[in-house]
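Here is the structure we will look at.
The values are calculated or read from the model by the stated rules, or taken from the named source; none is laboratory data. Everything numeric in this text was worked out from a predicted model, so none of it was measured. Cβ placement follows ideal geometry from the backbone for every residue including glycine, while neighbour counts extend to all protein chains displayed.
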Amino acid sequence: MSKSADFWHILSLAREHITENYAAALTDKEKLIQLRSYIQKFLRDGAYEIDGYTFDGLTDRLYCEMAQYSVLTQYLGSPDYEEINLNSWDDIALTWTDGSIEKIGDRFHDPQHSVDIVKRLLHHSGMIIDNAAPIAQGHLPNNTCITALKAPIVDEETGIAASIRLLHSHRVTRQKLLDTEFATAEMLDFLITCMRYGVSVVVTGATSTGKTTLINYLLGEIPNNKRIFTIESGARELSLVKRKDGKVINNVVHTLSRPSDNPAFDISQERLVVASLRFSPDIVVVGEMRDVEAYSAVEASLTGHTVVSTVHSGAADAAHMRIALLCQKKFPIDFNTSLIQAAQAFPIVVFTHKLENNDRKIMNISEAEINAHGERQYRTLYDYKIRKNTVVGNYFEIEGEFNKPGSMSDALKQKLMQHGIPQDALKRFSLAGQFKE
């Protein structure tokens, strides 16, 4: 009998023994601490051994299977990884914080084992995944999000497919963004200046392109006395509260929407946007516009509030098209009117992208301007141009540089001045064709 079969046989016996004699240790969190001693007693009484395992090592492995998350345990909460992707029970890929992807040798015992472990993960947020509800989303402690799919959404022999995002907002630093060439110092400073001086910003791009990472950093640079109200759905990805000597030194309110089977008790992002305006916020942050909350975010910006958000779309015009479509869900007015309102509400559009070599970049920062004829015009203020992209073996070699091809409009300058921007800062960002680092 193989080592693997020996272990799973012992696990089955151990689980059966503890379920019969110490069931509370598996179901009561307060008694979970006793589980390890029960496992040790089981191993000693039965004189169980497996080649390659010490007594403590076998105890830890059994405890991991019964109370933790099997092969995923060592990766969950790790500061080195950004995402864990289960393509199937025997195919697990890790995304490192630098964007590189690695397949690991570890795998689940069989398809059902992978389903059982993911169910345990989803239990943290009270979510159930089964044949009647084969798709589920939830969150874990330490700002970790999980989305899972099982049969019949995926093949029965796959077991389960899941994406687990590990959010490390506290690790976002200016130096890291500069070292990874995500953006230039001037680009970061420009966006901070816009948010500080009353200009609403939307960050666009696909999943895992650095949108939330960027917003976490930018908002962290806002002066501490400005009131920031954040609104997110599912799990909190923003972490903006600052502490010094045990005291909170900035002014932040973090909120999460709360869906309910009963619409009367549903706390949507849209309702939270409306509620936020009663808190006299300097900046309202909608973690992601994905539904009718886009209309409330647009309305908040058009009525003089600074709004920062993200949306899954392309750059500039595509972002405003997406926002306008979401607004149509709330009030299906003339679409061109919705487009103009979206552009007026979010004049600055930041497009992030993950290149083929997994590097993340701000590819484009654009300003939308509405001319005298009511037409949208876009100015590219900053962009990243690729001059080389070649494949060498299994790797991509990409070279490029950031540029500053355009200057901001007079309308944007006027708005910044109305909100108190110093003239030297305004001059720095007004010069096209060169960076003033």
Residues that are over 17 Å from Thr213 (Cβ atoms) and modelled with pLDDT under 95, drawn from the range 354-376: Glu356, Asn357, Glu369, Ile370, Asn371, Ala372, His373, Gly374, Glu375, Arg376
Selected residue (criterion: nearest to Tyr382 (Cα to Cα)) from residues of the range 329-348 that are part of a loop (DSSP other than H, G, I, E, B) and of a type in the set (Phe, Trp, Tyr): Phe346
Residue satisfying all of: in the range 215-228; assigned to a loop (DSSP other than H, G, I, E, B) and closer than 22 Å to Val298 by Cα; nearest to the chain's Cα centre (by Cα) among these: Ile222
Positions within the range 349-371 being of a type in the set (D, E, K, R) and either in contact with a Ser or Thr (Cβ under 8 Å, 6 or more places away or on another chain) or assigned to a strand (DSSP E or B) (or both), in sequence order: Lys354, Asp359, Arg360, Lys361, Glu367, Glu369
Residue among Ser407, Ser430 that is hydroxyl-bearing (Ser, Thr, Tyr), surrounded by fewer than 18 Cβ atoms within 10 Å (Cβ to Cβ), at pLDDT below 90 and in contact with a Lys or Arg (Cβ under 9 Å, 6 or more places away or on another chain): Ser430
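Condition check ((1) in contact with a Lys or Arg (Cβ under 8 Å, 6 or more places away or on another chain); (2) assigned to a loop (DSSP other than H, G, I, E, B); (3) not assigned by TED's automatic domain parsing to the domain that holds Asn358) across all residues:
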| site | (1), (2), (3) |
| --- | --- |
| His373 | no, yes, no |
| Thr380 | no, no, no |
| Phe396 | no, no, no |
| Glu401 | yes, no, no |
| Ala411 | no, no, no |
Index of the failed condition, Lys150 passing every other in (1) within 19 Å of Leu86 (Cα to Cα); (2) surrounded by fewer than 16 Cβ atoms within 10 Å (Cβ to Cβ): (2)
Check on Leu240, assigned to a loop (DSSP other than H, G, I, E, B), farther than 18 Å from Tyr81 by Cβ and not aromatic (Phe, Trp, Tyr): yes
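Could you identify the single residue in Ser100, Ser78, Ser70, Ser37 that is hydroxyl-bearing (Ser, Thr, Tyr) and more than 36 Å from the chain's Cα centre (by Cα)? So that I can check it myself, show each step before the final result.
Details: Ser100 fails: more than 36 Å from the chain's Cα centre (by Cα); Ser78 fails: more than 36 Å from the chain's Cα centre (by Cα); Ser70 fails: more than 36 Å from the chain's Cα centre (by Cα).
Exactly one residue qualifies, and that residue is Ser37.
Considering each residue of the range 221-232, count those that are over 18 Å from Phe279 (Cα atoms) and either hydrophobic (A, V, I, L, M, F, W, C) or crowded, with 21+ Cβ neighbours inside 10 Å (or both), and give that number.
0
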Selection within the range 156-178 - in a helix (DSSP H, G or I) and closer than 20 Å to Arg236 by Cβ: Ser169, His170, Arg171
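Please specify each residue of the range 96-116 satisfying the condition of being under 21 Å from Ile129 (Cα atoms) and not in a helix (DSSP H, G or I). Break it down into steps so the answer makes sense when it comes.
Initial filter on the range 96-116 (under 21 Å from Ile129 (Cα atoms)): 107-116.
Arg107, Phe108, His109, Asp110 - these are the residues of the range 96-116 that are under 21 Å from Ile129 (Cα atoms) and not in a helix (DSSP H, G or I).
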Positions within the range 179-189 being part of a helix (DSSP H, G or I), under 11 Å from Phe402 (Cβ atoms) and touching a helix residue (DSSP H, G or I) at 6+ places or on another chain (Cβ under 9 Å), in sequence order: Ala185, Glu186
So Thr212, is it modelled with pLDDT of 95 or more, assigned by TED's automatic domain parsing to the domain that holds Ile323 and outside any strand (DSSP E or B): no
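Name the single residue that is nearest to the chain's Cα centre (by Cα) among those in the range 196-214 being among the hydrophobic types (A, V, I, L, M, F, W, C) and closer than 19 Å to Glu293 by Cβ. If you could, list the steps in order and put the result at the bottom.
Here is the first cut: in the range 196-214, the residues among the hydrophobic types (A, V, I, L, M, F, W, C) are 199, 201-203, 206, 214.
Next cut, closer than 19 Å to Glu293 by Cβ only: 201-203.
Numbers: Val201: 18, Val202: 15, Val203: 13 Å.
By that ranking, first place goes to Val203.
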Single match in Leu94, Leu72 (criterion: more than 26 Å from Ile50 (Cβ to Cβ) and not polar (S, T, N, Q)): Leu94
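Confirm whether Arg258 is without any contact (Cβ under 8 Å) to a residue 60 or more places away in the chain and charged (D, E, K, R).
On the way: without any contact (Cβ under 8 Å) to a residue 60 or more places away in the chain: yes; charged (D, E, K, R): yes.
Criteria met by Arg258.
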Hits in the range 58-114 - residues which are of a type in the set (D, E, K, R), buried (at least 18 other Cβ atoms within 10 Å of the Cβ) and farther than 30 Å from Phe42 by Cα: Glu82, Glu83
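For the range 271-316, which residues satisfy the criterion of being out of contact with any strand residue (DSSP E or B) (no Cβ under 9 Å at 6 or more places or on another chain) and either at pLDDT 95 or above or not in a loop (DSSP other than H, G, I, E, B) (or both)?
Of the range 271-316, the ones out of contact with any strand residue (DSSP E or B) (no Cβ under 9 Å at 6 or more places or on another chain) are 271, 274, 278, 291-292, 295, 299, 302-304.
Listed by number, the residues that qualify are Arg271, Val274, Arg278, Tyr295, Glu299, Leu302.
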